[in-house]
1. Residue-wise, which Karplus ³J(HN,Hα) couplings in Hz belong to segment 810-824, taking 6.51 cos²θ - 1.76 cosθ + 1.60, θ = phi - 60°, and x for glycine or proline?
2. So, taking all protein chains as they sit and a 1.4 Å probe, how much accessible area belongs to W805, in Å² rounded to tens?
3. Starting from one equal scatterer on each C-alpha and no solvent at all, send me the Debye-based log10 I(q)/I(0) for the chain at q = 0.06, 0.09 Å⁻¹, two decimals.
4. For E203 paired with A302, estimate the spin-label separation in nm (one decimal), with each label point 7 Å from Cα along the Cα-to-Cβ line.
5. For the chain, with only Lys/Arg (+1) and Asp/Glu (-1) charged at the beta-carbon, what is the dipole magnitude about the Cα centre, in debye rounded to 20?
6. Using only the heavy atoms of the protein chains and a 1.4 Å probe, how would R641, R627, R186 rank by accessible area, largest first?
7. Name the long-range amide H neighbours of A261: under 5 Å, sequence gap of 5 or more, or other chain; modelled H, no Pro or chain starts.
8. Quick one: check the C-alpha center-to-center distance for segment 29-50 versus segment 71-95, whole angstrom.
Amino acid sequence: MYAAVVVQLEAPGLNQPFTYQIPDAMTLHIGDAVVVPFSGQLAVGYIVGLSAEPPEEIAAAKIRAVTARIENGSAFDRELFELAEWVARETLCDLQEAVRLIAPEVLGSAIKTTLTLADDWGDLLALTRSQPQHAVADALASLGGSATPAQLSRLLPSLKVGPIVSELRKKGVVTETRSVSLPKAREKKVRVLRLAVDIEVAEEEATRLEKTRAKKQAEMLRALIESSAPASLLGAPPNAGIAVGPGAHASARALAEKGLAAYAEATVQRNPFRFFGMVSDTAPPLTDAQATATKEIGAHIALQDGSVTLLHGVTGSGKTEVYLDLVARTMAQGQNALILLPEIGLTTQLLDLFKARFGEDDVAVLHSALSLGERYDEWQRIKSGAARVVLGARSAVFAPVTRLGLIVMDEEHDGSYKQDSSPRYHARDAALRRAERSGAVVVLGSATPSLESFYRAKTGHYSLVTLAERISSRPLPPVHIVDLREEFRKKPEQRKFSPKTEGSATEEEAPSPARSIFSEALMDAIGDRLERQEQTILFLNRRGFATFLLCRDCGHTPTCPNCDVSLTYHHGARLLQCHHCDFRAPAPADCPICGGLRIRPFGLGTEKVEEAVHQAFPEARTLRMDRDTMARKGAHAETLRTFRRGEADILIGTQIVAKGLDFPNVTLVGVVSADTALNVPDFRSGERAFQLLTQVAGRAGRGTRPGEVFVQTFSPEHTSVLRAAEHDYLNFYAEEIETRQELSYPPFSHMANLVISDEDETLAAARSQTIVETLRQSIETQNLPVTLLGPVTCPLARLRNRYRWHIVARTPSKATLLKALRGMLSALSASDRQGLSLDIDPLTML
C-alpha cells in the first residue's frame with residue numbers, strides 16, 4: 001500500500017502531497033499523523049490518500065517508507081481533506097496551510113531538533129577565530145550543553161544561528177539529534193478509588209462498618225457504591241470510582257487493604273464552561289412567524305438537500321428559537337448540527353441556552369479561548385459523535401462533525417468570519433462548500449445581512465425567510481440622533497452636565513462643556529434608568545482611554561516605532577499601546593521632545609467613558625467589555641452572567657456588546673460616538689456602520705419594558721446613521737446595492753487585494769511594480785477581462801515595521817480572477833513572492 005502525505009514543513013515547493021510506501025506491519029487511515037523521511041531529515045505529515053499502486057510517474061523502488069505512525073494524532077477524514085483542498089484552491093494558499101485548518105494545533109506533533117555540545121568543545125574551537133562560532137558554543141554551554149535552535153536564536157537575536165551551527169557540526173563541536181514531540185494535549189487521567197467487590201457485598205460491609213468506629217470508611221464505601229450507579233462522579237462512565245480528597249487517604253488505604261476497593265486511573269473530561277442553569281430548559285411556544293420559518297426550513301432538513309436559507313429577522317424577533325427548533329428537528333432524524341457564532345461572548349451566552357435545551361453531554365464548544373486540554377477533549381467528543389451539537393467561532397466550520405445535517409451561521413454579516421491571515425478563507429464560503437458536499441442544510445441568520453447574501457437571496461440563489469416583527473409584537477426602540485455640532489455650540493450656562501476629563505482643559509481653565517462626553521439628552525436618559533433600576537449599554541468602538549497624547553507646547557504626539565499610527569493612551573496602566581503590533585511604552589509625565597509638562601490625552605476610548613460615568617453617577621455599578629478587560633480566561637462568561645443577574649447597571653464596551661446579546665432589563669443604549677465607524681477609506685464602511693449601529697440599537701427593549709436609543713454623531717445626515725435610526729434595512733440595501741452596481745463593486749464583481757510588504761521601503765515599492773507587471777502580463781496573455789488598480793501605498797502604509805503597497809484586481813468572475821492570479825504566481829520567482837499576501841474577496845482594503 002502507498003500513502004499520499006502532506007508534509008508539514010515551512011519550505012517552498014511543498015504545495016502537493018508526496019508518496020510513501022506503507023510498511024506491511026503498519027495500518028494507516030486518512031487523517032493519520034505520521035513521521036516520514038524528507039530531504040535528508042525527518043518530518044511530520046498527514047495521510048491524505050491511500051492506494052494499492054504507486055503513481056505511474058514514480059518508480060516503486062525509489063519510494064521511501066513511512067517511518068512511524070504518531071499515536072493520538074489522527075485528525076480528519078476524506079471529506080474534511082477535500083474541504084481543505086478547496087480552501088487552498090479558492091484562497092491560493094499552500095496546501096499544508098489549508099491542512100492545518102483541519103488538523104488543529106492541539107493534535108499536532110513536530111520534529112524536535114536538539115543540539116548537544118561535545119565534551120571537548122573548548123579544544124576543538126581553540127584554533128578557531130570566528131567570534132560567532134565561539135558565541136554560539138558559549139551560549140550552548142550556558143544552557144547546560146543542550147538546547148534547540150529556537151532557544152539559541154532567542155539568546156543570540158543578532159546572529160543567524162543556522163549557518164553557524166552547520167559549521168560547528170562539521171568540526172564535531174555540535175551534534176544534532178531529532179525526535180518526535182507528541183501532541184501537546186492528551187486525555188486527562190486522574191487516580192481514583194474503585195469498588196473491588198459486588199455491590200451486595202459492599203452494602204453488607206458498609207452496614208457493618210457503620211456500627212463500628214470506622215464511620216469514614218463506611219461513608220467512603222457508600223460513595224463508591226453510588227459511583228457505580230449511572231450518575232457517576234467526574235463526568236466519567238459508571239464504575240469510574242471517586243477521587244480521594246485531602247484527609248481521606250487513610251480511609252481509602254484501609255478499604256484497599258480489606259480488598260473492598262482498589263486504586264485505578266480514570267479518564268475525565270475537561271469542561272470548558274460550567275453550566276449555570278440560569279435559563280429555562282423548556283421551549284416557549286413559537287410565534288406564527290417562527291412556526292412558518294421552522295416549517296419551511298424544516299422541510300429542507302427532512303430532504304437533506306444542501307439548500308441555503310437566509311433568515312432575515314429584525315433584532316429581537318426570535319431567530320435563536322428558530323435555530324433551536326431546527327437543531328431539534330435535525331437531531332430527531334439522527335443527524336448533528338454545527339452553530340457558528342462571530343464572537344466568543346456570544347458563544348458564552350448561547351452555550352447555557354443550548355445545554356439547557358439539549359443536555360450538557362450533547363453540546364460541545366470550540367474557540368480560541370479554550371485551553372489546549374479543553375480543546376482536545378471537545379475535539380475528540382465531536383469526532384467520536386458523542387457531542388451532537390457544536391457551537392464555535394470561525395474555525396469551528398472545520399470541526400469533525402459526523403452525520404452533519406445542519407449548519408447555522410448566526411450574525412452572518414459579521415466581518416470576524418473572514419480570517420485575516422493565510423489561509424484567508426470566509427467561514428460562510430467554507431460552510432456552503434461543506435454543505436454542498438454533505439447535503440447539510442445551511443441557515444444564514446442576521447438582522448442586517450451582508451449585501452452579498454441578501455443579493456443572492458433576492459436573485460434566487462438562496463431561499464429567503466423573514467421575521468419582520470419582534471416577539472409579542474414589541475416595538476423596535478426609537479432612535480434619537482444627537483447632533484454633537486449643536487451640543488458643542490451651546491453656552492456653558494445652557495449645559496446641565498459637563499464631566500471634567502483629563503485633557504479637557506488646562507489647569508488654569510474651567511472644564512470646557514464643549515468637550516463633554518455625553519449629550520444632555522443621553523445624560524438625562526442614563527439618570528432616568530438608574531432611578532428606575534433598569535440597565536444601560538454604552539457603546540464606543542474604540543478601547544483605551546484616549547486616542548493619543550498631545551503636547552500643547554510643541555504639538556508632539558507619541559507614535560508607534562513600528563507602524564504609522566499614534567499610540568493609544570491607557571489611563572489605568574499609564575501605558576501607551578499600539579493596537580496593531582502591540583508595542584507598549586510607559587506614558588511620559590513630560591514631553592520627550594520639548595520637556596513641557598502640558599502633555600495631555602485627547603480623543604475617546606471605553607476606559608475614558610467608564611471614568612466619565614463614575615464621575616457623573618458615582619452610585620452606578622459598571623462593567624466594561626473590550627479586549628483589555630476580556631483577556632483573562634472566562635472573563636466573557638463572568639461579565640455577561642453578572643450583567644444578566646442585574647449586578648451591574650451599565651455595560652460599557654466596544655463591538656463585543658453590539659452582537660446578539662439579549663438582556664431583557666436593558667432599556668437604554670447610548671452610542672457615544674457613531675463617527676468611529678464612518679468615513680473609513682473603504683467601500684464597505686457605510687455598510688459596516690449601518691450594521692453596527694442597527695445591531696447595537698437592537699440591544700434595547702428586548703423585554704417587556706420599552707427601549708430607547710441615543711446615537712451621538714457629528715454626521716447626523718449620513719445615510720448609514722439615518723437608515724439605522726429607522727431600523728430600515730430594506731431601503732439601505734436598495735440604495736447601497738445601486739451604488740455598488742454603478743461602481744462594479746461586490747456583489748457585481750470579485751476582487752483581490754494584493755499587499756506587498758518589506759522592511760525596506762524601496763524594496764517594497766520595487767517589488768510591487770514587478771508584481772503588477774507580471775499580473776498584467778498574465779491577464780494579457782490569457783486575454784482575461786480583469787481591471788487593475790495600483791500599485792499605491794496602503795492606507796496603513798507601515799505596519800509592524802513593514803512598508804506596505806497594494807494592488808487591487810477586479811473582474812465579474814471569480815474563476816477569471818483566480819486564473820489571472822495563478823498565472824502571475826507561476827511566473828514570479830521565490831524572491832519576488834516574498835512579502836506578498838493575497839486576499840480574495842477582501843472585507844477590508846486597509
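1. 3J(HN,Hα) across segment 810-824, in whole Hz: 9, 7, x, 10, 5, 4, 5, 4, 5, 5, 5, 5, 5, x, 5.
2. Surface accessible to solvent at W805 totals approximately 60 Å².
3. Per q value, in the given order, log10 I(q)/I(0) is -0.51, -1.13.
4. 4.9
5. Dipole of the chain, to the nearest 20 debye: 1140 debye.
6. R627, R186, R641
7. Excluding prolines and chain starts, which carry no amide H, the hits are A196, A256.
8. Segment 29-50 and segment 71-95 have Cα centres spaced 14 Å from each other.
The values are calculated or read from the model by the stated rules, or taken from the named source; none is laboratory data. Remember, predicted model here, so these are calculated numbers, not experimental data. No Cβ is skipped: glycine too gets one built from the backbone with ideal geometry, and neighbour counts run over all protein chains shown. For the accessible areas, the whole protein counts, side chains as well, though only heavy atoms, and no ligand, DNA or RNA atoms are used. Shrake-Rupley method; radii C 1.70, N 1.55, O 1.52, S 1.80 Å.
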